[in-house]
Amino acid sequence: MATDTITGHARAPKFPWVPVLLYLTLGVLAFIFIMPLAVMVLTSVRPLEEIRTAGIIGIPQHVTFDAWGTAWNEACIASVCEGLQPYFRNSLAIAVPATLLSTILGAVNGYALTKFRFRGADTLMVLIILGCFLPLQAVLIPAAQTLSSLGLANSVFGLILIYAVYGLPFTTLFFRNYYVAVPDEIVRAATMDGAGFWRIFTQIMLPISWPIFMVSVVFQFTGIWNEFLFGVSFSTGASQTVTVALNNLVNTTFGVKQYNVDMAASLIAALPVLILYLFVGRFFVRGLTAGSVKG
Amino acid sequence: MKMLKIELLTACAIGAMTVATPAFAQDKSVSVVHYWTSGGEAAAIAAVKEAFEAQGGTWIDQGVAGGGGDGHDQVLRSRTLAGDAPGAAIPKASDAVEWANAGYIADLEAVAAENKWDQNLPAAFLPSLKVDGKYIAIPLFVHRFDTMYANARLLAENGIEMPATWDEFNTAADRLLAAGITPLAHGGQSWQDEILFEAVVMGVGGADFFRKALVELDQEALRSDAMLKSFDQFRRLRGYVDANFSGRDWNLASGMVANGEAAFQIMGDWAKGEFSAAGLDLGREILCSGSPRNTPEGFSYVVNSLSFFTKQPNQHQATPGQELLAKVLLEPEVQLAANLAKGSVPALTGLDLSTYDQCSIDTAGFLAAADADGKLVPSVQGGTVNVASVRGAVIDAATAFFNSDMSSEEGVTMLADALQNATE
Amino acid sequence: MTKKEGIAPSGLARSFDWAGLRRYLPAWFAVAPSLAALLVFVYGFALWTAYISLSASKMIPDFTFVGLRNYQRLWGEDRWTVAATNLVTFTVLYVGVTLAVGLLIAILLDQKVRLETPLRTIFLYPAAVSLVVTGISWKWLLNPGTGIEAFVRSLGWDNFVFDWIIQQHTVIFAVVIAAVWQQAGFVAVLLLAALRGVDGEMVKAARLDGAGPVRTYWSVIIPAIRPAFISAFVLLVAFALKTFDLVVAMTAQGPGYASALPSTFVYDMAFQRNQLGIASAGAVSILLFAAVIVLPYVIWEFRKTDGH
């Protein structure tokens, strides 16, 4: 603009290349990202007959929400035909405590190991974080035997324990990276004032931690809600989790596949996490900004 | 010998009476872990459950859906090793053998003797259902693996008869190909590739060769000319499937035959359910037969059975609920109702199948005939006899061959080497 | 940017002092429960697995020692070789592409765009959907007969080919697409948050020095968000090693077993083929692979912050 006048060319307003390119790229990316969801939603509202004749991917000719109703409270899971709805309670009863437990412990670990760097603290941190990489298929059998020797086999508490423990490496990592950026002077000053370990944690650290708390909660809740391997091994029948029930609904090898019901059920099972994302997504970014890398 | 058996039985019975407290005797509940969760399977299970509960049992359903029972096997193992074994589960018979060797299978000899199981089950099944002469698996469904389905309209339009031999099949397929029709509907998943392979070995080499090579794992048979010819035919089939076969679910392949997009499907007899569900008349609109074979014999089966577990190893005492359920499973009415719902045929011999569809009646007839002349062979993948590592090796070799451009010689070597490895 | 981290354990490391103990004891106590749990559930189980990998275990654990036989058989299995190769390809591409796409999205969203909230939600939602569902919908989309290829052809481009998922040599790239789709948004949000946290003064200074936008991002902003990158990197590597449901739902490890991964191999061996010994040998191999790629990075990172 200024340069234009200086060079003296009488130009029409310059074509806004940068914003157009920016929005175009975002638009294309958004399209790619939304496509699978669109396919699922569209399939879930098409009648089965239409899917059978016109193929799995297509624009609905008739829109019907029957499949959603069926998936919610009619579809048969093993011999119980009450849809997915009874299993939500089980999942909540497991995911909520396990999420909170692992998040709180992760916060404590992150705080203790970054702000009280006793000898070996970093080694402990590495030991904890390496737990992220354990392939869970390999530990199923020792996990089963351990739970049974703790008297927790086939109980909700067993799954809560498992999920909380295997979430710890991740939550600790989150809080570590967050607390590393919190100036040490704060803790030092509080120590000078005579505040102890727990008082500093509850009165100084926790209040500024809510953003990473959100991240950790969302991450853990998603992971636990969608977890299948341990869920199927340690919850059966009426106590199974939604993801296991969903698998039992969708993953039937023999018999007619009801693609619309499968897709509706998949969406219903994902709904609580999706809603959580909608609500918390905002805090995610805004929050993370608050405390992070202003070292 | 017989005396001894009776004495043992009496001892068992007395044992049962002394162990069982009155309160315990009233509790005839059995938790059942299974993977028969979809349409026809669930209906079949419901028939069993109904009969069991009518006689005072309580069925605690713990179905785990998925892929031929992988989820089931995993749940069964985690729970059993955690000291929380289900009352009953449906491991493959060869896996049940391993559970029996580990001491987790309940003793049902009293029920077996009382209900004359030995006399009422096909002789060929018995060895795979017993360990040390005791039942470890109670057969409920019998499926045939080597069956073929065809779209009758497509065949008629192209002047093709239901092919009986592989040569006839190849001629028919070439004609269909020329007419722009996909000859073979197939889903490229490893287990489906392997089912195709088994059908080819059965058809090219015959039942005795199949048994020698794939059940007894005789290295000479595995490296023989008949095996080479089988791989040739298997390779040829690759040219008869459409370009997009990879990863397709088997029921979508059935759908292609139902819709007239493809002419044939070679699949176990559970595919019937898919055609009936599409509203097609089995025997008229959809033709069914054994898969092509060069000698008119052989029948490859899987027995789906229930095994009964004890919570602690080496405590063989069955609970009253387990004994009742075991008895119910082999009652003629239960076998008839359950198999009708699942599309399989009863394990019990000599039942009146007049309510069944023509394909099933034929299957039952072939089953009896094959049992009589010793041509009844257990399918590899069914796992009635072959142990898991062997099943895996055959599946790997079949799918690796089918999805690559390996020569038949390479295929033969790969399979024989893999089986040598797996049984080491 | 220099970092001042942690309260330097001045004095404590060298000579024992009671005041120090008093100060660090609560921290020790606070970490102890987590540590104990992880010692059992991670390290104990890993050791158990390592022992089983040297045993004759088949369907159930059997503690008869057989030396390295399971490893010999493992590395003699073609299926394992394919799985191990796939893991390397998959991990490198998945981690690399997800970080790149995530960073791109984060930078684009950081340009004060309109509709940031809905866009962010669109990019983020895949992370909420289970891998089973991801696998199924991408299976349809990538299948040439039902998905993108068929769609583009129906628009008139008859020769359009996009059949990665059915070719043995490309199927793993198809899996990468779905996996990137799932996590790129999550990474983008992590990085976006970090971008927003970068000190504005620093960016201004760089601009004043005459750095263009690309230079500014490359040499000032991106280095400043390194901790967020590390979080993302660790998470992605962990996800890569654990990828399981996705492959099962999307390709069933096919065509053939061309898209098998060590995790699916281990599961199959343990639960389908009753080869617990070989499965454990596979699991131990995965752990070693993880150690090889992650340990140097993690140790380097912690060493650096240690040095004050």
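Within the range C:238-252, being within 13 Å of chain B (Cβ to nearest Cβ), closer than 21 Å to A:PHE230 by Cα and part of a loop (DSSP other than H, G, I, E, B) holds for C:PHE244, C:ALA252.
Does C:TRP164 satisfy the criteria of being farther than 22 Å from C:MET250 by Cβ, without any contact (Cβ under 8 Å) to a residue 24 or more places away in the chain and among the aromatic types (Phe, Trp, Tyr)? I'd like the intermediate steps shown before the answer.
Values: farther than 22 Å from C:MET250 by Cβ: no; without any contact (Cβ under 8 Å) to a residue 24 or more places away in the chain: yes; among the aromatic types (Phe, Trp, Tyr): yes.
Here the answer is no, as C:TRP164 does not meet what is asked.
I'd like to know if the range B:249-265 contains one or more residues that are outside any helix (DSSP H, G or I), in contact with a helix residue (DSSP H, G or I) (Cβ under 8 Å, 6 or more places away or on another chain) and under 26 Å from B:PRO378 (Cβ atoms). Within the range B:249-265, one or more residues are outside any helix (DSSP H, G or I), in contact with a helix residue (DSSP H, G or I) (Cβ under 8 Å, 6 or more places away or on another chain) and under 26 Å from B:PRO378 (Cβ atoms).
A single entry from B:LEU287, B:LEU306 fulfils the requirement of being part of a strand (DSSP E or B), in the same structural domain as B:ILE195 (by TED's automatic domain parsing) and either at pLDDT 90 or above or not aliphatic (A, V, I, L, M) (or both): B:LEU287. Whenever a residue of the range A:19-41 is farther than 14 Å from C:LEU108 by Cβ, its partners that are among the β-branched types (Val, Ile, Thr), lying with C-beta atoms within less than 6 angstrom and at least six residues away or across chains, give the pairs A:ILE34/C:ILE122; A:VAL39/A:ILE57.
Here's the yes/no breakdown for (1) farther than 17 Å from A:SER235 by Cα; (2) at the interface with another protein chain (Cβ under 9 Å from one of its Cβ atoms):
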| residue | (1), (2) |
| --- | --- |
| A:GLN137 | no, yes |
| A:ILE141 | no, yes |
| A:SER148 | no, yes |
| A:GLY151 | no, no |
| A:VAL156 | no, no |
| A:ILE162 | no, yes |
| A:PHE170 | yes, yes |
| A:ASN177 | yes, yes |
| A:VAL182 | yes, no |
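Here is a yes/no grid of residues against (1) more than 18 Å from the chain's Cα centre (by Cα); (2) more than 7 Å from chain A (Cβ to nearest Cβ); (3) not in a helix (DSSP H, G or I):
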{"site": "C:GLY102", "(1), (2), (3)": "no, yes, no"}
{"site": "C:ILE107", "(1), (2), (3)": "yes, yes, no"}
{"site": "C:GLN111", "(1), (2), (3)": "yes, no, yes"}
{"site": "C:THR117", "(1), (2), (3)": "yes, no, no"}
{"site": "C:ILE122", "(1), (2), (3)": "yes, no, no"}
{"site": "C:PRO126", "(1), (2), (3)": "no, no, no"}
{"site": "C:VAL133", "(1), (2), (3)": "yes, no, no"}
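One residue alone among C:ARG22, C:ARG14 is at pLDDT below 60 and more than 8 Å from every other protein chain (Cβ to nearest Cβ), and that residue is C:ARG14.
Out of contact with any His (no Cβ under 8 Å at 6 or more places or on another chain) and either within 11 Å of another protein chain (Cβ to nearest Cβ) or in contact (Cβ under 8 Å) with a residue 60 or more places away in the chain (or both): is that true of C:VAL171 in this structure? In short, yes. Answer yes or no as to whether C:PHE239 is touching a residue at least 12 places away in the same chain (Cβ under 8 Å), aromatic (Phe, Trp, Tyr) and surrounded by fewer than 24 Cβ atoms within 10 Å (Cβ to Cβ). When the stated conditions are applied, C:PHE239 passes them. Sub-9 Å Cβ pairs linking a first residue in the range B:91-110 that is within 13 Å of chain C (Cβ to nearest Cβ) to a second residue that is charged (D, E, K, R) and part of a helix (DSSP H, G or I), at least 6 apart or interchain, are B:PRO91/B:ASP73; B:PRO91/B:GLU98; B:LYS92/B:ASP73; B:LYS92/B:ARG391; B:SER94/B:ARG391; B:ASP95/B:ASP73, ordered by first then second residue. Cβ separations smaller than 7 Å between residues 6+ apart or across chains give the following pairs from the range B:167-179 residues that are touching a residue at least 12 places away in the same chain (Cβ under 8 Å) to residues that are open to solvent by 80 Å² or more (accessible area, probe 1.4 Å): B:ASN170/B:ARG236. In the set (1) surrounded by 23 or more Cβ atoms within 10 Å (Cβ to Cβ); (2) touching a helix residue (DSSP H, G or I) at 6+ places or on another chain (Cβ under 6 Å), B:SER344 fails one condition alone, (2).
Out of curiosity, is C:SER55 modelled with pLDDT of 90 or more, within 11 Å of chain A (Cβ to nearest Cβ) and either under 22 Å from A:THR146 (Cβ atoms) or open to solvent by less than 40 Å² (accessible area, probe 1.4 Å) (or both)?
On the way: modelled with pLDDT of 90 or more: yes; within 11 Å of chain A (Cβ to nearest Cβ): no; either under 22 Å from A:THR146 (Cβ atoms) or open to solvent by less than 40 Å² (accessible area, probe 1.4 Å) (or both): yes.
In short, no.
Taking the criterion of being under 30 Å from C:LEU192 (Cβ atoms) and at the interface with chain A (Cβ under 8 Å from one of its Cβ atoms), would at least one residue in the range C:268-288 satisfy it? No; the residues of the range C:268-288 include none that is under 30 Å from C:LEU192 (Cβ atoms) and at the interface with chain A (Cβ under 8 Å from one of its Cβ atoms). Scanning the range A:110-126 for residues that are within 26 Å of C:TRP48 (Cα to Cα) and within 7 Å of chain C (Cβ to nearest Cβ) yields A:ASP122, A:LEU124, A:MET125, A:VAL126. Within the range A:31-40, identify whether any single residue is open to solvent by less than 70 Å² (accessible area, probe 1.4 Å) and small (Gly, Ala, Ser), and answer yes or no. Yes: the range A:31-40 contains one or more residues that are open to solvent by less than 70 Å² (accessible area, probe 1.4 Å) and small (Gly, Ala, Ser). In the set C:VAL189, C:VAL161, only one residue is assigned to a helix (DSSP H, G or I) and of a type in the set (A, V, I, L, M, F, W, C); that residue is C:VAL189. All conditions in (1) open to solvent by 50 Å² or more (accessible area, probe 1.4 Å); (2) outside the structural domain of A:THR171 (by TED's automatic domain parsing); (3) in contact (Cβ under 8 Å) with a residue 60 or more places away in the chain hold for A:SER44, with the sole exception of (1). Scan the range B:387-394 and give yes if some residue there is within 19 Å of B:ASP146 (Cα to Cα), buried (at least 22 other Cβ atoms within 10 Å of the Cβ), touching a Leu at 6+ places or on another chain (Cβ under 8 Å) and not β-branched (Val, Ile, Thr), otherwise no. For the range B:387-394, residues within 19 Å of B:ASP146 (Cα to Cα), buried (at least 22 other Cβ atoms within 10 Å of the Cβ), touching a Leu at 6+ places or on another chain (Cβ under 8 Å) and not β-branched (Val, Ile, Thr): absent.
For the range C:227-236, the set of residues classified as facing chain A (nearest Cβ under 8 Å) and either touching a strand residue (DSSP E or B) at 6+ places or on another chain (Cβ under 9 Å) or in contact (Cβ under 8 Å) with a residue 60 or more places away in the chain (or both) consists of C:ILE230, C:VAL234, listed by residue number. Answer yes or no as to whether B:SER307 is in contact with a strand residue (DSSP E or B) (Cβ under 8 Å, 6 or more places away or on another chain), buried (at least 24 other Cβ atoms within 10 Å of the Cβ) and under 29 Å from B:MET162 (Cα atoms). No; evaluated as a whole, the condition is false for this residue.
Quick check on B:ALA326: is it in contact with a helix residue (DSSP H, G or I) (Cβ under 6 Å, 6 or more places away or on another chain), in contact (Cβ under 8 Å) with a residue 40 or more places away in the chain, assigned by TED's automatic domain parsing to the domain that holds B:ALA112 and farther than 29 Å from B:ALA277 by Cβ? Explain how you work it out, then say what you get.
Details: in contact with a helix residue (DSSP H, G or I) (Cβ under 6 Å, 6 or more places away or on another chain): yes; in contact (Cβ under 8 Å) with a residue 40 or more places away in the chain: yes; assigned by TED's automatic domain parsing to the domain that holds B:ALA112: yes; farther than 29 Å from B:ALA277 by Cβ: yes.
Answer is yes for this residue.
Highlighted here are the helices (runs of 4 or more DSSP H) found entirely within the range B:311-424 that include at least 1 residues which are modelled with pLDDT of 90 or more and within 14 Å of chain C (Cβ to nearest Cβ): B:388-402, B:408-422.
If you go through the range C:200-226 one residue at a time, how many are within 11 Å of chain A (Cβ to nearest Cβ) and either closer than 16 Å to A:CYS132 by Cβ or open to solvent by 20 Å² or more (accessible area, probe 1.4 Å) (or both)?
So the count comes out to 6.
Scanning the range C:63-81 finds one or more residues that are aromatic (Phe, Trp, Tyr) and not in a helix (DSSP H, G or I).
The values are calculated or read from the model by the stated rules, or taken from the named source; none is laboratory data. Only a predicted model underlies this, so the values are computations on that prediction, with no experimental measurement involved. Please note: Cβ atoms are built from the backbone with ideal geometry, for glycine as well, and neighbour counts cover all protein chains shown. Heavy atoms of the whole protein, side chains included, go into the accessibility calculation; ligands, DNA and RNA do not. Shrake-Rupley method; radii C 1.70, N 1.55, O 1.52, S 1.80 Å.
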